[in-house]
Amino acid sequence: MFAGAAFALATAMPASAADAVKIGFITKFPVPFFATMENAAKEYAAANPGIELVFGQGTSATDIEGQIAHIESMVTQGVQGIAITPVDPTVAAALDKAVAAGVKVVLMDNDIPGWTGRTALATTDNFAAGKIAGGYLKSVLKSGDTLGILEGVPGVPSLDDRVKGMQEGLAGVDVKVVGQGATECTEEKGISLAEDILTANPDLKAIYSACGPPAAGAAQAIKNAGKEGKVILVGFDYCCGEAEAIEAGIENASVAQFPAKMASLAVEALVKSLKGEKVESLIDSGAALVTKDNMAEFK
């Protein structure tokens with residue numbers, strides 16, 4: 001489990017049966033990152049009597065209709081709050097209906113730009129975290145080197161910020177981007193895009209992936225091409241096979257988020273809000289760079 005998974009429960013707020021709250025917890029799609037979030041939410045609820053959780057999850061990073069169906073179902077089930085990792089800004093209309101029905105909403109992982117219905121946003125500062133990745137690349141690249149970029153889902157603010165932040169962190173080194181494209185945060189598309197970039201650029205120096213699964217895919221593509229140790233690979237999420245790739249020396253670094261902490265903070269914010277307590281609008285759950293030297297700290 002990621003560092004921070006054992007989120008300190010010193011902030012736990014025991015509740016009596018009379019204070020019981022029913023909260024919906026919706027994540028994007030089935031990958032370890034979101035499984036960690038669900039498990040942390042369950043642990044938080046178990047440590048805080050009076051919290052009932054209802055879970056829902058989409059089937060992919062672009063399952064907009066599935067996520068909307070979960071939102072509508074949870075409102076029908078009578079939840080008082082919803083913690084959600086919005087798969088796309090277009091789910092805002094369904095969340096508006098939930099808010100109109102008296103349901104409080106805390107967004108997790110990524111924001112919905114311009115949407116004012118949320119009570120709070122519990123997230124990684126993805127731009128700042130992207131700068132961490134860019135700073136690492138800046139330390140190992142020189143002007144004239146080439147870089148391939150594996151995006152996540154274009155248009156999703158958190159994923160776009162990971163690329164923008166990386167570019168900001170890399171500023172000052174004249175690196176040429178020779179390939180860039182979307183992966184929908186899947187390993188399969190990560191392999192395919194990385195293979196295309198590697199084939200078109202035999203002397204490619206580095207690859208940056210804005211999501212964990214494509215980073216693992218890129219590691220496989222690098223291995224298949226026999227370029228282990230010749231192409232610098234930096235990922236984001238530190239999940240879904242990245243630990244194995246770093247251990248094998250194929251991936252050099254990844255930016256780890258703290259999904260367990262993010263989930264716990266989101267549920268805590270909903271409970272506090274439902275009790276009439278003040279919560280911060282933006283709750284930063286942090287990020288850190290993982291390399292082979294410190295990966296033992298992130299188990």
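The values are calculated or read from the model by the stated rules, or taken from the named source; none is laboratory data. Computed from a predicted structure; not experimentally measured. Heads up, the Cβs are rebuilt from the backbone with ideal geometry, glycines too, and the neighbour counts pull from every protein chain shown. Accessible surface areas use protein heavy atoms only, side chains included; no ligands, DNA or RNA. Shrake-Rupley method; radii C 1.70, N 1.55, O 1.52, S 1.80 Å.
One table, with the values for the structure above:
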{"item": "Tabulated pairs, the range 152-164, first free of Cβ contacts under 8 Å to residues at least 12 places away in the same chain, second part of a helix (DSSP H, G or I) and surrounded by fewer than 19 Cβ atoms within 10 Å (Cβ to Cβ), C-beta under 7 angstrom, 6+ apart or interchain", "result": "none"}
{"item": "Residues of the range 47-72 classified as under 24 Å from the mean Cα position of the chain (by Cα), part of a helix (DSSP H, G or I) and surrounded by fewer than 16 Cβ atoms within 10 Å (Cβ to Cβ), total", "result": "3"}
{"item": "Residues that are hydrophobic (A, V, I, L, M, F, W, C) and open to solvent by less than 40 Å² (accessible area, probe 1.4 Å), drawn from the range 73-93", "result": "Met74, Val79, Ile82, Ala83, Ile84, Val87, Val91, Ala92"}
{"item": "Identity of the residue in the range 103-119, of a type outside the set (A, V, I, L, M, F, W, C) and within 20 Å of Glu268 (Cβ to Cβ), that ends up surrounded by the fewest Cβ atoms within 10 Å (Cβ to Cβ)", "result": "Gly117"}
{"item": "Wholly enclosed strands (runs of 3 or more DSSP E) of the range 226-285 bearing at least 1 residues acidic (Asp, Glu) and touching a residue at least 60 places away in the same chain (Cβ under 8 Å)", "result": "232-237, 282-284"}
{"item": "Filter pass, Glu168 being acidic (Asp, Glu) and in contact (Cβ under 8 Å) with a residue 24 or more places away in the chain", "result": "yes"}
{"item": "Within the range 22-71, tally of residues that are of a type in the set (A, V, I, L, M) and more than 26 Å from Glu151 (Cα to Cα)", "result": "11"}
{"item": "Subset of the range 29-65 (residues that are touching a Ser or Thr at 6+ places or on another chain (Cβ under 9 Å) and of a type in the set (D, E, K, R))", "result": "Glu38, Glu43"}
{"item": "Candidates Ala61, Ala101, Ala92, Ala41, filtered to the one that is within 24 Å of Ala182 (Cβ to Cβ) and at pLDDT 95 or above", "result": "Ala92"}
